[in-house]
1. How about region 74-90: which of its residues are hydroxyl-bearing (Ser, Thr, Tyr) and either in contact with a Ser or Thr (Cβ under 6 Å, 6 or more places away or on another chain) or modelled with pLDDT of 75 or more (or both)?
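The values are calculated or read from the model by the stated rules, or taken from the named source; none is laboratory data. All values derive from a computational prediction rather than experimental measurement. Quick reminder, even Gly has a Cβ in these numbers, built from the backbone with ideal geometry, and neighbours come from all protein chains shown.
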Amino acid sequence: MLIENQNDIRSSEITPESSYCSRREFMRAASVAGIGLAAETLFPPRVLGQDRWPRGKKGPYDTDEEVSTFKEITTYNNFYEFGTDKGDPFSSGPMLKACAWTKPSIP
């Protein structure tokens, strides 16, 4: 088996100079195309004036429950350090005086 020495291959035989010089333009175009495809997937085009379900008609996951108020949404909390009720952290939280952590001294 004949194995050629690496010095026998000229650089001009590997990649044409024009392709080498335009590699950044290729990467830029590929990036723009990728971003365009991702944007179309994340933000599908919508037809103006057309909703998924007409007004008044319920969707498959709708319920008859009442819509939560802004206060209920912004004060709901699961941290029980200030009390066991869902609203306790909101009412007791402002009394907390936080201080910066200090590095413990090592003897």
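1. Those that are hydroxyl-bearing (Ser, Thr, Tyr) and either in contact with a Ser or Thr (Cβ under 6 Å, 6 or more places away or on another chain) or modelled with pLDDT of 75 or more (or both): Thr74, Thr75, Tyr76, Thr84.
Per-residue answers, yes or no, for (1) at pLDDT 75 or above; (2) more than 30 Å from the chain's Cα centre (by Cα):
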| site | (1), (2) |
| --- | --- |
| Pro45 | no, no |
| Leu48 | no, no |
| Gly56 | no, yes |
| Asp62 | yes, no |
| Glu72 | yes, no |
| Ser92 | yes, yes |
| Trp101 | yes, yes |
